[in-house]
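A short worksheet on the structure shown next.
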Protein chains: 4
Amino acid sequence: MAEIPMQTVGPIKIVGSVLNEEILVPLATLESPLWPSTNRGAKVSRECGGITSSVVDDHMSRSIILEANNVDEAQKVVVSLKQERSELEAVVANTSRYAQLTDVHFQIVGCLIYIRLAMRTGDASGHNMVTQAAEAIQSWIMKTYSNLAYVSLSGNMCTDKKVSSINGILGRGKYVVCELTVSASTCKTILKTTPASIVELNVKKNLIGSTLSGGVFCANAHYANILLGFYLATGQDAANIVEGSQGITYAQCRGDDLYFSVTLPNVIVGSVGSGKHVPYADKNLELLGCRVEREPGENARRLAAICGATVLCGELSLMAALTNPGELMRAHRALERKET
Amino acid sequence: MAEIPMQTVGPIKIVGSVLNEEILVPLATLESPLWPSTNRGAKVSRECGGITSSVVDDHMSRSIILEANNVDEAQKVVVSLKQERSELEAVVANTSRYAQLTDVHFQIVGCLIYIRLAMRTGDASGHNMVTQAAEAIQSWIMKTYSNLAYVSLSGNMCTDKKVSSINGILGRGKYVVCELTVSASTCKTILKTTPASIVELNVKKNLIGSTLSGGVFCANAHYANILLGFYLATGQDAANIVEGSQGITYAQCRGDDLYFSVTLPNVIVGSVGSGKHVPYADKNLELLGCRVEREPGENARRLAAICGATVLCGELSLMAALTNPGELMRAHRALERKET
Amino acid sequence: MAEIPMQTVGPIKIVGSVLNEEILVPLATLESPLWPSTNRGAKVSRECGGITSSVVDDHMSRSIILEANNVDEAQKVVVSLKQERSELEAVVANTSRYAQLTDVHFQIVGCLIYIRLAMRTGDASGHNMVTQAAEAIQSWIMKTYSNLAYVSLSGNMCTDKKVSSINGILGRGKYVVCELTVSASTCKTILKTTPASIVELNVKKNLIGSTLSGGVFCANAHYANILLGFYLATGQDAANIVEGSQGITYAQCRGDDLYFSVTLPNVIVGSVGSGKHVPYADKNLELLGCRVEREPGENARRLAAICGATVLCGELSLMAALTNPGELMRAHRALERKET
Amino acid sequence: MAEIPMQTVGPIKIVGSVLNEEILVPLATLESPLWPSTNRGAKVSRECGGITSSVVDDHMSRSIILEANNVDEAQKVVVSLKQERSELEAVVANTSRYAQLTDVHFQIVGCLIYIRLAMRTGDASGHNMVTQAAEAIQSWIMKTYSNLAYVSLSGNMCTDKKVSSINGILGRGKYVVCELTVSASTCKTILKTTPASIVELNVKKNLIGSTLSGGVFCANAHYANILLGFYLATGQDAANIVEGSQGITYAQCRGDDLYFSVTLPNVIVGSVGSGKHVPYADKNLELLGCRVEREPGENARRLAAICGATVLCGELSLMAALTNPGELMRAHRALERKET
């Protein structure tokens, strides 16, 4: 067993249509400063009326590759498949009672056909569910269009655990947007900074700095750190922090207040399925209120909403720290000294 | 504690100038099919003379932001700093006996100055070491050029745990390249495939599919999965799988044989430092032979070389599976049934 | 007047459902080697049964930005607009008898709403038509949802004349795919190369080289050169070569033959509209057979199909040249000497 | 001849170390609104003390590919070539009295070696000069390391006329930064807007909108339009607007004033060489003062500095227009009506 230290942060105050609570959140990490940092954000959330957390979209994806003899055949198949949406939906529905086809995206490259399938997957994150459904779709297509050859059950247009734009544009997992309005006085007392400082830093670091790095969809400071802690604590496939790390932090001054938001188009979490039943994950998912009898998908969306709010806490705290020369290293050094 | 299941795979046969051994490698993961899959690749490595694993570059990076009053001032500072390389080197060397400045990269945006610092960091992965050195550099610059204002100690051009091109181009952590030549008969008996099938799939999936995803530096099938398992097992900051997931799989037919390679420009691992002294990591690093008295940096490079070879094993096995319609899901279903 | 030299290349033999002809194509360029190079490809097209040129998609895009007070409002508007597709279609149709809404793509970032609108635009390339329709949509939305504020009529998610992934993924202009099968003997006699050499070079240069450049959707050798010549000769907005330059060259060995294809997701051309009625463009569009009475859009798609085939000719010829050490510079030097 | 309409805009007031003048600039374009729009920016430049235009870097690039038998050989060659920098410099210098090697960048992928060469090229934009030098370098390397095989004289890591990050990070052509400070009253009278409106729009459109498009290094509104007009008017290889279109617009409020800057890392222009001696280009280059006896490279850098300032004029004007709902379309409609 790799035993990753785990602590609870919060409570984080979350509001909105998905949940309305103050909630404690477990984070498993070897980077111990993550806990006090996220805790500082949580304190702000309680002072300032709570973080609104919204799940604006929800589907898992898998892509397949087929090969035609030439572009004409490829084009005919694509045109025809666009007409056969209901057949495709039936094929998917047949593979699991939770799988529901929501989008089919095609690309043709010469004689090659790439198809990205998006689906609702109930409360599972859905890796296996979409693979199984994709396999069924691919078999059905090859039976229906006998001139096509199999190329791959996974075509890198999914895109699973790799950095791309397609997940940002078409979505993968839950698309979570969280926001918080922080008064100038809370900025000062808890975050030791000002709204204008945060807004400026966000432009210079997260937006322009990321552009200079040749980054794609990565205008944030450290979503990946918080996602890793959250995913490990709740039994997720933590390699999905790769696409999860993509997202946009946006802040603006509103009068004297700070409006601060995080947008995460690719939060891949489930409350059931592979990995979620190891004992510590089981317990954490229960504590997070994601094992309650609800409509399929609602527990997973609740989990995603909590995840997003936790990311906001950690992001806000680090951004605040970076506005103050020296603060970041002082904090790290102090913590490390304590640990020794 | 989040207790992540851990198993040993291999032994993997590794050759080359860094190490020449058959070695067992621990992987911690919730995705149980990863073990048998990587094991299949390890078996190939033993049949085929071993995986050559090379570390072709090695440095950690951090970026800072400063603000001038205008572009003229910004340009003058940059021109001047390029002359003061030895001063900058001294400032870095002064912060740690392991830190050694290897590259300074500048970008000017209007009146803003972005500086990416690359350093050798001994056997540590070096997150804290480069941050500390960057802080010292930033202080020194601000003292020397009093017209500059502090913007941020981290400028997203580092780039830490975010998806970018700069890490692929300038490198971050260890740049590892591994290769293996597999005979047609081993392809058939162990991998159930042919060299030509692997070569073709690599083009259609890893190269073209990734292009269609709007991906950057991500022409591979699943480096992230194996990296996560390796990083968790050895006490690394596993959020670095974000940049680690970037890399290029390249295969070619050589006569009847398969030449198969993985190129990972951003393997961020250390054998000492934060996280490496939790008990299970300590033990694993010792088993991997990375706690031996060596020149500073050699233990970490050994670790990176093993990491790359492990990635090759997992990548080769999945690629082989994907050439066979149905094999991937059959394997997953069989394993899950066993687990129930 | 800037007087750009113009010559006719070809005839290029084009087959497929859009057109079936041998056709002469004008190219305006200051890079004189472009003509003989494209001519070589044209000769291959005549020897080998013609280039199949397909237009697999067709729509122009523009994006708008609106601002809500918070994410909840933003989400409600997006949910509601998805229901009001027919109203949006009516608003668009009302701005021009050729404009027809085909796709609406939403992204929410905090309280900001980004909407990318895709439309059929008849035979015009459609820059102004989509801007006008986008303006009408934006006005309609702001009237319907009075809580929204105007941000911008163009939101960089269009994306016009900038490098992005969204145009490759969702398309912009005509999505053109062209292919040709070249016998080994024609490869040898006209192209001085072999099918295998072209296939290998494509992997190493266009696919892997582009990956190393941190490129997005740019797995080709020089689409931009040929597009510029074609756009200038036919009165197009030549700045659209920026997105036009994106695309994928794919080649494979088929028995002894070479299968060679170019895929251009973003060919932005029109046979009418702004710029197309300067005298030389008028004449060229007529010579290309794109001023015939046809269904709206068919002349523009014919133009795009010819454009794609011309790109294939130039791409194939340069790729062949690059397989031979020394050939490229020899050709350039010979041409320059002649010009002197 | 393709006869592209050409008009002169300005005078643009430019200050800084490269030039200090009010200068008229020719733009050739089929998009007629570009002239009045750029003229508006030029008027602002004269009202507000001038645009500071700096050329912060200058070199052209070409990349080559070589193949070793395995990664060990590849690594040895790269290590060795890094020692032989002076030999490489001599090889380059031998191909032209203007060519001067400034940077060599290596990447290894399996057994493949990619080398990006950067050079000073005097007053030429340098396409042919770097190709010729790259050919000489490649020959020299193959002679020196007989175990290497030729792959390609151009490896897509250059990157010529394709969209990448490498040109933004390592530079290609001239790296130009221009800035202007505009008083609130000039913002109001000439630009019909406020500093804050421009600053906000830049964040929402150029920075966040571009991020949502999956764009790389393209945080601007329409650099490509102005570059095309400038390149066509001065005999440049206009296909280089592809990389030229990349760049970052950055604005900030300074007290009541607007600080506005454009950063263009890839301006590829020359005052001599292929295309610059067609009559209209010859004349325009003389009018721009780029045919004066100066140190090699100074005429080309002057041209680049003027180009950047022109881009700033057009960018500022469009950004201002977009802050006002309806203005953009009103302007286009008015111009088109006049033209009819």
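So what are chain B's ellipsoid semi-axes, whole angstrom, largest first, if each one is the square root of 5 times an eigenvalue of the alpha-carbon gyration tensor?
In descending order the semi-axes read 40, 22, 17 Å.
Going by alpha carbons, how many degrees (0 to 90, nearest 10) lie between the helix axis of C:34-47 and the longest principal axis of chain C?
Value to nearest ten degrees: 80.
How large is ³J(HN,Hα), in whole Hz, for each residue of segment D:176-192 in order, when computed from phi with the Karplus curve 6.51 cos²θ - 1.76 cosθ + 1.60 and θ = phi - 60°, using x for Gly and Pro?
Couplings: 10, 10, 10, 8, 8, 10, 10, 6, 4, 6, 5, 3, 6, 6, 8, 9, 6 Hz.
Quick one: Cα centre-to-centre distance for segment B:1-37 and segment D:154-176, in angstrom?
Each part's Cα centre sits 39 Å from the other's.
Kindly write out, for segment C:276-290 in residue order, the coupling ³J(HN,Hα) from the Karplus curve 6.51 cos²θ - 1.76 cosθ + 1.60 (θ = phi - 60°), rounded to whole Hz, with x marking Gly and Pro.
Listing the rounded values in order: 7, 10, 5, x, 5, 6, 3, 5, 5, 5, 5, 4, 7, x, 10 Hz.
Net charge within 12 Å of C:Asp160 by Cβ-Cβ distance, Lys/Arg positive one each and Asp/Glu negative one each, not counting C:Asp160 itself?
It works out to a net charge of +3.
Which is the longest part of chain D that has none of the trypsin sites (Lys or Arg not before Pro) sitting in a DSSP loop with at most 14 other Cβ atoms within 10 Å?
For trypsin sites (Lys or Arg not before Pro) (loop position, at most 14 other Cβ atoms within 10 Å), the longest site-free span of chain D is D:193-340.
Quick one: in chain D, whose Cβ comes closest to the D/C rotation axis, and how close in angstrom?
Residue and rounded Å distance to the axis: D:Val163, 2.
Ignoring ligands, DNA and RNA and using a 1.4 Å probe, state the total buried accessible area between A and B in Å², rounded to the nearest 100.
6200
Residues with amide H under 5 Å of B:Cys158's amide H, sequence separation 5 or more or different chain, H placed in the peptide plane at 1.01 Å from N; which?
HN-HN under 5 Å from B:Cys158: B:Ser63.
At B:Pro5, label 7 Å along Cα→Cβ: distances to the other copies, nm, ascending?
For B:Pro5, the other copies' label points sit at 2.7, 7.0, 7.1 nm, shortest first.
Could you look at segment D:1-125 and say what percent of its accessible area is carbon and sulfur, using a 1.4 Å probe and all protein chains?
Looking at segment D:1-125 in its full context, I get 42 percent from C and S.
Pairs D:Lys13/D:Lys283; A:Lys76/A:Lys143; A:Lys13/C:Lys143: which exceed 27 Å Cα-Cα?
Pairs exceeding the cut-off: A:Lys13/C:Lys143.
Compute the separation of the alpha-carbon centres of segment A:232-261 and segment B:90-121 and state it in Å as a whole number.
28
Given the convex hull of the Cα atoms of segment B:59-152, what is a quarter of its surface area in nm²?
5.1
Grab the alpha carbons of the protein assembly as shown, take their convex hull, and tell me the volume per residue in Å³.
For the protein assembly as shown, the hull spanned by Cα atoms encloses 150 Å³ per residue.
Rounded to the nearest 500 deg cm²/dmol, what is the calculated helix-only ellipticity per residue at 222 nm for chain B, with -39500 (n - 2.57) per DSSP H run of length n ≥ 4?
-12000 deg cm²/dmol
Just which residues of segment D:59-83 lose 40 Å² or more accessible area with every protein chain there, against their chain alone, with the probe set to 1.4 Å?
Listed by number, the residues meeting the 40 Å² cut-off are D:Glu67, D:Val71, D:Asp72, D:Gln75.
Determine the sum of side-chain charges near D:Trp140: Lys and Arg each +1, Asp and Glu each -1, restricted to other residues whose C-beta is under 11 angstrom from that of D:Trp140.
Net local charge, D:Trp140 excluded: -2.
Pop out the Kirkwood hydrodynamic radius of segment A:163-213 from its pairwise C-alpha distances, inverse of mean 1/r, in Å to one decimal.
13.6
Sequence-distant or interchain residues sharing an amide H contact under 5 Å with C:Thr102, placed H: which?
Amide H neighbours of C:Thr102, under 5 Å, 5+ apart: C:Ala118, C:Met119, C:Arg120.
Put a point 7 Å out from Cα along the line to Cβ at A:Gly255; what are the distances to that point in the other copies, in nm, shortest first?
Counterpart label points of A:Gly255 in the remaining copies fall at 2.9, 7.8, 8.0 nm.
How many Å² of accessible area per residue for segment B:1-152, probe 1.4 Å?
On a per-residue basis, segment B:1-152 sits at 35 Å².
Less than 13 Å Cβ to Cβ from A:Val292, Lys/Arg counted +1 and Asp/Glu -1: what total charge do the surrounding residues give?
Combined, the nearby Lys, Arg, Asp and Glu give -2.
Can you give the FRET efficiency to the nearest 0.05 for A:Thr144 and C:Ala196, using r as the Cβ-Cβ distance and R₀ = 35 Å?
Taking R0 as 35 Å, the efficiency between A:Thr144 and C:Ala196 is 0.55.
What gaps in nm, shortest first, separate B:Asn147 from its twins in the other copies when you place the label 7 Å past Cα toward the beta carbon?
Sorted ascending, the copy-to-copy spacings read 4.9, 5.3, 6.9 nm.
Can you give me the three principal axis dimensions of segment D:222-294 from its C-alpha atoms, in Å, biggest first?
47, 27, 19
Which of rounded, prolate, oblate describes segment B:160-245, given a ≥ b ≥ c as roots of the alpha-carbon gyration tensor eigenvalues and a/c under 1.5 marking rounded, otherwise prolate only if a/b is larger than b/c?
Oblate is the answer for segment B:160-245, as a/c is 1.5 or above yet b/c matches or exceeds a/b.
I need the calculated FRET efficiency for the pair C:Glu293 and A:Asn69, taking r as the beta carbon distance and R₀ as 25 Å, to the nearest 0.05.
0.15
Using just the C-alpha positions of segment D:1-140 as equal point scatterers, what log10 of I(q)/I(0) does the Debye formula give at each q in 0.11, 0.14 1/Å?
Treating every Cα as an identical point scatterer, log10 I(q)/I(0) equals -0.64, -0.79.
Evaluate the relative contact order of chain D (contact order divided by residue number), counting alpha-carbon pairs under 8 angstrom at least 6 apart; express in whole percent.
Once normalised by length, the contact order is 23 percent.
The values are calculated or read from the model by the stated rules, or taken from the named source; none is laboratory data. The model shown is predicted, which means the values in this text are computed figures rather than measured ones. Please note: Cβ atoms are built from the backbone with ideal geometry, for glycine as well, and neighbour counts cover all protein chains shown. Each accessible area value is taken on the protein alone, full model and side chains, heavy atoms only, with ligands, DNA and RNA left out. Shrake-Rupley method; radii C 1.70, N 1.55, O 1.52, S 1.80 Å.
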